[in-house]
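Here is the structure we will look at.
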There are 2 protein chains.
Amino acid sequence: MAGQNVISLETIKVACQNCSLSALCLPMTLTPEDVTRLDNIIERNRPLHRGDYLHSEGDPFERLRVVTTGSIKTYSTSDDGSERILGFHLPGELIGLEAIENSRHRCSAKALETTLICEIPFDALEQLSHETPSLQHQLYRLLSREIGHETEILMLLGKKGADERVATFLMSLSERFKGRGFSASDFYLSMSRFDISNYLGLAVETVSRIFTRFQDEGLINAKRKHVQLLNLARLQEIADGNHHKGRSQRGYHS
Amino acid sequence: MAGQNVISLETIKVACQNCSLSALCLPMTLTPEDVTRLDNIIERNRPLHRGDYLHSEGDPFERLRVVTTGSIKTYSTSDDGSERILGFHLPGELIGLEAIENSRHRCSAKALETTLICEIPFDALEQLSHETPSLQHQLYRLLSREIGHETEILMLLGKKGADERVATFLMSLSERFKGRGFSASDFYLSMSRFDISNYLGLAVETVSRIFTRFQDEGLINAKRKHVQLLNLARLQEIADGNHHKGRSQRGYHS
DNA sequence: AGAGTTTATTGATTTAGATCAAGCATTTGT
DNA sequence: ACAAATGCTTGATCTAAATCAATAAACTCT
């Protein structure tokens, strides 16, 4: 995009020995030297098993984490002990950005399956970013992007019906997998129906019913945790609220 | 907190001639010199009238904005023309952080009443932050804080009932006003019931009914847009989900 | 100041999705 | 390999909040 020393994501991947450093590299504007320095502070491929904690709410924040393979859920626990799922993190995605403010984590994180993560000590990253304007810029962008995500979630929870939520969820996973070179229409749902329903603000029963209905309608093929999306276009329509023949939530014009 | 040159928020306020620069200063760790430099790039007190746009979705992003007096709503428009309110911005609060990623605004912003804003060219701020580690750190924190807010909204929209949502909304305004030296229990609701309901993911009628019920129960005194909170403690209980005698949404334990 | 428009309230009715209840399937642990 | 526990699905019922409908109050504009 901007600078003169633009390098490709491919180059990065090689330079980083396939570590998911690319999470730090939206459209990439770091020089090869920057990447090397970045590469030096990354701690690589720590393995986790299903149910392992990365951190709990209130833990001191020391490092950002990038999922290499597997998946992580982040959640917040309320007084009465009930959880609220905040998000699912797939390969290439970052965890911990919310913790910079107070050097404390504001949520817990747990592995949903066997997972590898890379870790980046934030002190070092911040220091490096001070010496490296392009990296500083990337970090601002990265944080900003995360803020932008909120829009979608507000849309989802604020005005979408149950079908739309589930379809949106599936399409979101699809696109995120695709973006990382996995199949966009055939993947493994590492999270439980319970987690999904919690994340979508629905009851488990509702999610389960919608899965079976989508199945009956030939939109998906869900065998337990393995899901195939058979009709991406239709799912996208549903996600967008074009329900049967153009249904939508109550309009609202200023 | 950290550094040796910590100065108080009071000092800042004076240094900035009461401009709401303090939005950039969570617990403050900028030196007086930093503040002066920051001060120099800020464009002060641009006036807006009710209904004026600050920017629309897709507009190029050039400056961060801080509300000095008045209030702003941010919202996103979907294909069918319906709006989704993303947030309300009170004095001292920042607008535009979501736009850094692509140098384009991801939402629209409109003044809810007569409003003054300060503007900070982002290029200059970024440049300055590069020369000023403490400012760089503040910016990371600021962005991170915004990401952390998401938690609360997810809680609100994901598991709270209508009463809880309205109570949470009122308490949130109360605290934000209090934090800026306004009354915590007596304020002006610059946004319409429509905006409130949209933000809370409820129907206008529902919000209206809850306002009148809260009124009947002696919790608030709402004359149109002027609201008095008469029983903060009880409102907080309701916001937390301690409805009549300990009601709560379906629990969920991992 | 009064007609017209927007915004808010209140009531009646409907409905999407939650809750309750029960039965299967799948994993886990010994 | 078996029992126990956990997670998933399906059906019946209930309810919170949406929708529909109508009125009333508050701004706007000339």
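State whether the residues of the stretch A:86-97 include one that is touching a helix residue (DSSP H, G or I) at 6+ places or on another chain (Cβ under 6 Å), within 14 Å of another protein chain (Cβ to nearest Cβ), surrounded by fewer than 20 Cβ atoms within 10 Å (Cβ to Cβ) and in a strand (DSSP E or B).
Among the residues of the stretch A:86-97, at least one is touching a helix residue (DSSP H, G or I) at 6+ places or on another chain (Cβ under 6 Å), within 14 Å of another protein chain (Cβ to nearest Cβ), surrounded by fewer than 20 Cβ atoms within 10 Å (Cβ to Cβ) and in a strand (DSSP E or B), which makes the answer yes.
Does A:S144 satisfy being within 12 Å of another protein chain (Cβ to nearest Cβ), more than 20 Å from the chain's Cα centre (by Cα) and without any contact (Cβ under 8 Å) to a residue 12 or more places away in the chain?
On the way: within 12 Å of another protein chain (Cβ to nearest Cβ): yes; more than 20 Å from the chain's Cα centre (by Cα): no; without any contact (Cβ under 8 Å) to a residue 12 or more places away in the chain: yes.
In short, no.
Within the stretch B:215-235, is there a residue that is part of a helix (DSSP H, G or I), in contact (Cβ under 8 Å) with a residue 12 or more places away in the chain, within 12 Å of DNA strand D (Cβ to nearest atom) and surrounded by 14 or more Cβ atoms within 10 Å (Cβ to Cβ)?
Taking the stretch B:215-235 first, the residues part of a helix (DSSP H, G or I) are B:215-216, B:232-235.
After this cut, where a residue has to be in contact (Cβ under 8 Å) with a residue 12 or more places away in the chain as well, the list is B:232, B:234-235.
When the remaining residues are screened for being within 12 Å of DNA strand D (Cβ to nearest atom), the result is none.
No, the stretch B:215-235 contains no residue that is part of a helix (DSSP H, G or I), in contact (Cβ under 8 Å) with a residue 12 or more places away in the chain, within 12 Å of DNA strand D (Cβ to nearest atom) and surrounded by 14 or more Cβ atoms within 10 Å (Cβ to Cβ).
Among the residues of the stretch B:165-184, is there at least one that is within 12 Å of DNA strand D (Cβ to nearest atom), among the small types (G, A, S), more than 12 Å from chain A (Cβ to nearest Cβ) and surrounded by fewer than 20 Cβ atoms within 10 Å (Cβ to Cβ)?
no
Quick test of your reading of the structure: B:L142 fulfils all but one of (1) touching a Lys or Arg at 6+ places or on another chain (Cβ under 8 Å); (2) assigned to a helix (DSSP H, G or I). Name the failing condition by number.
Condition (1) is where B:L142 drops out.
Any idea which of (1) part of a loop (DSSP other than H, G, I, E, B); (2) farther than 24 Å from A:P91 by Cα; (3) more than 12 Å from every other protein chain (Cβ to nearest Cβ) is the one A:L202 doesn't satisfy?
Status for A:L202: all satisfied but (3).
If A:S183 satisfies all but one of (1) polar (S, T, N, Q); (2) out of contact with any His (no Cβ under 7 Å at 6 or more places or on another chain); (3) in contact (Cβ under 8 Å) with a residue 40 or more places away in the chain, what's the number of the condition it fails?
(3)
Only one of A:L125, A:L116 is touching a strand residue (DSSP E or B) at 6+ places or on another chain (Cβ under 8 Å), outside any helix (DSSP H, G or I) and touching a residue at least 60 places away in the same chain (Cβ under 8 Å); which? Write out each step before concluding.
Working: A:L125 fails: outside any helix (DSSP H, G or I).
A:L116 is the lone residue from the list that is touching a strand residue (DSSP E or B) at 6+ places or on another chain (Cβ under 8 Å), outside any helix (DSSP H, G or I) and touching a residue at least 60 places away in the same chain (Cβ under 8 Å).
Can you name every residue in the stretch B:202-235 that is polar (S, T, N, Q) and either closer than 30 Å to A:G161 by Cβ or assigned by TED's automatic domain parsing to the domain that holds B:R84 (or both)?
Applying the first criterion (polar (S, T, N, Q)) to the stretch B:202-235 yields B:206, B:208, B:212, B:215, B:221, B:228, B:231.
The answer is B:T206, B:S208, B:T212.
Residues of the stretch B:172-199 being in a helix (DSSP H, G or I) and among the small types (G, A, S), which ones?
B:S172, B:S174, B:G179, B:S197
One line per residue, one yes/no per condition, for (1) at pLDDT 90 or above; (2) away from DNA strand D (no atom under 16 Å from the Cβ); (3) under 18 Å from B:Q136 (Cβ atoms); (4) not aromatic (F, W, Y):
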site	(1), (2), (3), (4)
A:L38	no, yes, yes, yes
A:D52	yes, no, no, yes
A:I72	yes, yes, no, yes
A:D80	no, yes, no, yes
A:L86	yes, yes, no, yes
A:E113	yes, no, no, yes
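Which numbered condition trips up A:E152, out of (1) at pLDDT below 95; (2) more than 14 Å from chain B (Cβ to nearest Cβ)?
(2)
The values are calculated or read from the model by the stated rules, or taken from the named source; none is laboratory data. As the structure is a prediction and not an experimental result, all values here were calculated from the model. A quick note on method: Cβ atoms are made from the backbone with ideal geometry, for glycine too, and the neighbour counts reach across all protein chains shown.
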